[in-house]
Every structure is written in structure tokens, then in C-alpha cells.
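For reference, the structure is listed below as C-alpha cells.
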Amino acid sequence: MVDSDKVKDASKGALIVLFLVTMIDMIGFGIVIPFLTYLVEDLAGSEGVTEVGLWVGLLMTSYSAAQFLFSPFWGSLSDRIGRRPVLMVGLIGNTVFFALFGLSNTLAMALGARFLAGVFNGNIAVARAYIGDVSNPKQLATRMGLIGAAFGLGFTIGPFLGGELSAPALRWETFQNTIFETYPYLLPCVLASVLSTVSLLIAIRNLPESLTPEMRKVDTSRTWKKQMKNMYANSKKMLGEGSIALIIWVAMLFTFGFTIMHAIFILFTGMPTVDGGLGFNEADNGRIFAMIGVTGIITQGFLIGPMTKRFGSRKLLTFAALLTGAGLVLIPYSQPEYAWIHILSVTGLLSIGSGLFQPSSSTLLAQFAKAEGYELGVVMGANESLGAFARILGPISGGIVWVMTSSGTYPWDYHTAFHLCGLLMLCSALLSLKLSDAELIDANNANSSQEE
């Protein structure tokens, strides 16, 4: 039998493993962004496929779709057999499918590997559940913050590694006439696999089970089918609940617009300059996304607190959506001779905007849920589910719009998809203006806290 007190003590060492699991999840998501367009172009060219943008969108969407579908399954399974074995399986899956993606020689193989990587990276919810198992109320917020930090760090490291290690045979003589010349995007994927393997070895040594045998019971209310039904029912209900519905719609529109960018950004920057693009390579794109990640970390670490105190979450939400939208719309208006100055400036805008938006929307959602008497877990769960749905729709929509418009004439050309991003951000900002009661709720919550 597992002694619960020992598990509590062991949780400090286990936090390192949970941090690594989450960080590797985001590295796995972000590591393909700098080279995905080039990989699709290579494979599409050999297969006679012309819809490059559509396939880029499909590959981006498949990962998020798999996570959305399988997170409830992993959560339910971990309740029955324990958190530790589920997290182990996820790390093993990462090791296998990251490498398989780098070895893809057909679009179908790449799509399958990407989907399966998402399936096994659907266990972040299990990592959060583990933290909940081993943390007392005072520790919970701080330890959950580690998950957020791991997200930011993983999204910064992933694109940087993906860009710097792509096509190594063209940059370093050591890799010439090796498998890395045949598969130019294998090296970053192998590195992701190695990181996952190292995390697995650390987990075997330092990750105890957080659930005692008595706690591991079969709960028929937590089957995958019932969880998906509950997810759908809760999401549908929350979309009709006044202020809460407004915040969720604001967040959905923001996420939809932002994730369109994930599919079209590299399609634009990789375009030849004669066609209006920037002619960037994989390393250039990786450095840009790394800078986006660093700026986001700085924003959430240093700016969000003082700005929230000065302006309030509601005003900050509107400002963040407009700032992000401006950055997204301006991306394709770069001139080659000023490409780096321009692209770093506009991506800085959207990174700061995104960094301000996410905590502001979560804060408002929590305040309205508390003020209106809803269970916070249900509200946050519905928000996350609908956000995941937006992350599924975004890349595929961006890919479709790119295919339909990129070869046209202005304004229905490669600018169009970025204009769509800006339009969605504008809708998000305008909708957020209807949340005019937020200040009153802040005051009510403050009064309630003082009375308690």
C-alpha cells in the first residue's frame, strides 16, 4: 500500500517530472512550426499535391484534435489504474511518434504520426490531476503555476530547436551523407524523442504513484463517452449563461484568430520575396517564434500584474485583443529590406497582446463564475473545451483560406488570411466591451473577501 504522507513528501521531487512532461508536450507542439511548411512542400512535391496550405493546416489541426479527443480518456484511465503508468505511457508515445514524424516520407505518414503524437500528449490533464493529488490548498496555486511556466518555456524552446536543427546536412559537414540528409527534419524530432526518453528515465526513478489502491476505483461516471457528453453539455450550457457566455465567446474568437496564424505564418515568411514573402528559412522562423515565446514569458511574468492593477482585467482584455489583432494584420505588409525590423515589431505586438489576454480572460471568468454562483471547475472546463475546439478549427481554416486566396490579387491574396485574423480579434474586442459589469463584480468580490 502507498502511504499518502510519503506521497506528499515525494511530490517535491515529482514536480520536476511533471514540469518536464508538460514542457515536452509544448516542445512537441512547437518544434514542427518552423519547418512544417517546408516538410509539406517536399512531400507534396514528390506526390504531386498542390494544396500545401491545406496540408499544413491539417497537420497542425490533427495534433490539437487528438489532444481534445483523448484527454478525457487518459484522465479516466488514470483514475482507475493510477497517474504514474498513464504518464509513463505518454512519455513512451512521445519518444516513438516524435521520431516517426521526422522519418515521414509521405503526407499520410506525417499526418498519422502527428495525430498519434497528439494522442499521447493528451495527458497534461493527468499531470494537473497528479498535482491536485499531492498538494494542499496553500500549495496548489503555486504548483499549478509550474504547468503554465512549462507551457511558456516549451513553446519558446520548441520552435527554436526546430528551426536551428532543421536540414543539418546543409549547414554542417558532419551530417552530410547520413540519414539526416535523406530526412532533413529528423534531427529536431530525434532531439524531442531523446528529451522524452530522459524524462521517462527520471520519472521511473522519481515519480511515485499519487493514488492509493483504495482511491483507484472504477467510476462509471468517468468513462470517455460520458465525459465527452458532459463536456458537450457543460459547454452548451455555459454558452448561454450571460456574462460567462460572453467571456467564453471572447476567448474562443481570440483563440480562433490566433491559431489561424500558426498555419499561415510560415507559409508567408517562406514565400520567395518576388512573390511578396520574406524568403525566410527554418532557422529564421524558429528564432522568431522563440522571441514570441520570450516576450510572452516576460509579459506574463512582469507586465500583467502592474497593468491589471492600473487598468483592470476588462479594459486589459479589450486592449489585448486589439493589440494582437494589429500585430496579426500587419505581418504581411513587410518589405524585404526591413524584414527583420518589421517582423520582430509586429510579432512583439501580438506576443504582448496574447500574454495580456490569457490571464485577463481567466481572471474575469473566475470572477463572474464566483459572483454568479457557478462551480469554477465546470466553468473552466467548458472554457478549455471550447478553446480546444477553436484550436482545431483555426489552423485548418487558415490553410483553406490560404489555398483559396494566396495566388490572387490584393486584397484577395496572401494578405487575406491575416486580415481574417484581425477581423476575429476585432470581434473579440468589441464583444468584450459588453462586459461592463466587471468592475462591480471586482468590488463585490473584494467586499466578500473583507467580510470573510
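Readers should treat all values here as calculations from the given coordinates under stated rules, not as data from a laboratory. On a predicted model such as this, the values are computed, not experimentally measured, just so you know. Neighbour counts are summed over all protein chains in view; Cβ atoms, including those assigned to glycine, are modelled from backbone coordinates with ideal geometry.
May I have the convex hull volume per residue, in Å³, for the Cα set of segment 1-209?
Looking at segment 1-209, the number lands at 113 Å³ per residue.
For n ≥ 4 DSSP H runs only, could you compute -39500 (n - 2.57) per run for the chain, divide by its residues and tell me the 222 nm figure to the nearest 500?
The helix-only estimate for the chain comes to -26500 deg cm²/dmol at 222 nm.
log₁₀ I(q)/I(0) of segment 224-447 at q = 0.12 Å⁻¹, via Debye over equal Cα point scatterers, no solvent, to two decimals?
Each listed q maps to, in turn, -0.68.
On full extension of the chain, what length is gained from E51 through L433, given 0.36 nm per residue of separation minus the C-alpha to C-alpha distance?
133.6 nm
Can you give the FRET efficiency for E173 and S362, using 1/(1 + (r/R0)^6), R0 = 56 Å, r = Cβ-Cβ distance, to the nearest 0.05?
0.70
Within 10 Å of each residue's Cβ, count the other Cβ atoms and sort T363, T37 from fewest upward.
Lowest count first: T363, T37.
With a length cut of 27 Å (Cα positions projected on each helix's long axis) and a Kyte-Doolittle mean of at least -0.5, go through the chain and give me the DSSP H helices that pass.
Taking the DSSP H segments of the chain (at least 27 Å long, mean hydropathy at least -0.5), we get 4-30, 52-81, 83-102, 137-164, 186-206, 242-269, 339-371, 376-405.
Evaluate the distance, in nm, between pseudo-label points positioned 7 Å from the Cα of M404 and of I16 along their respective Cα→Cβ axes.
Here the answer is 5.2 nm between the modelled labels.
Cα centroids of segment 28-42 and segment 305-351: how far apart, whole angstrom?
24 Å
Just report the Cα centroid separation between segment 237-293 and segment 92-110, whole Å.
Spelled out, the Cα-based centre of one part sits 24 Å from the other.
So if I average 1/r over every pair of distinct C-alpha atoms in the chain and take the inverse, what Kirkwood radius in Å does that give?
Final number for the Kirkwood radius of the chain is 22.8 Å.
Give me the one-decimal nm value for the distance between modelled label points at K309 and A233, 7 Å along each residue's Cα-to-Cβ direction.
Distance between label points: 4.4 nm.
Cut-off is 10 Å between beta-carbons; in what order do L420, L365, L350, L344 appear when sorted fewest neighbours first?
With the sparsest Cβ surroundings first, the list reads L344, L420, L365, L350.
How high is the FRET efficiency between V194 and M380 when r is their beta carbon distance and R₀ equals 45 Å, given to the nearest 0.05?
0.85
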